[in-house]
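The next block holds one structure in the form of structure tokens; read it before the comments.
The values are calculated or read from the model by the stated rules, or taken from the named source; none is laboratory data. It should be emphasised that the depicted structure is a prediction, and the values quoted were computed from it without experimental measurement. Positions of Cβ are generated from backbone atoms using ideal geometry, with glycine treated the same way; all protein chains shown enter the neighbour counts.
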């Protein structure tokens, strides 16, 4: 599973908007959008999240950071 699929699936299962999930993860809505798309729409390049961003997502979803690093 890719990170973009993981985030979208989590949001869907928990009935969260992108904005709600962004607040949970202490990230911006725009950044969550880019993660779900898998690329930066301004540059067209693949987006690679920082360890800090992945850690925030792990905490927000109750997932182990190690799991997110492997997907």
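Values as computed for the structure displayed
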{"item": "One residue from 68, 3 being crowded, with 18+ Cβ neighbours inside 10 Å and at pLDDT below 95", "result": "68"}
{"item": "Filtered residues of the stretch 34-53 (kept if surrounded by 16 or more Cβ atoms within 10 Å (Cβ to Cβ), free of Cβ contacts under 8 Å to residues at least 24 places away in the same chain and assigned to a helix (DSSP H, G or I))", "result": "34"}
{"item": "Subset of the stretch 3-27 (residues that are part of a loop (DSSP other than H, G, I, E, B) and within 10 Å of the chain's Cα centre (by Cα))", "result": "25, 27"}
{"item": "Residue list for the stretch 35-50, restricted to those being touching a helix residue (DSSP H, G or I) at 6+ places or on another chain (Cβ under 9 Å) and within 13 Å of residue 3 (Cα to Cα)", "result": "35, 36, 37, 38, 47, 49"}
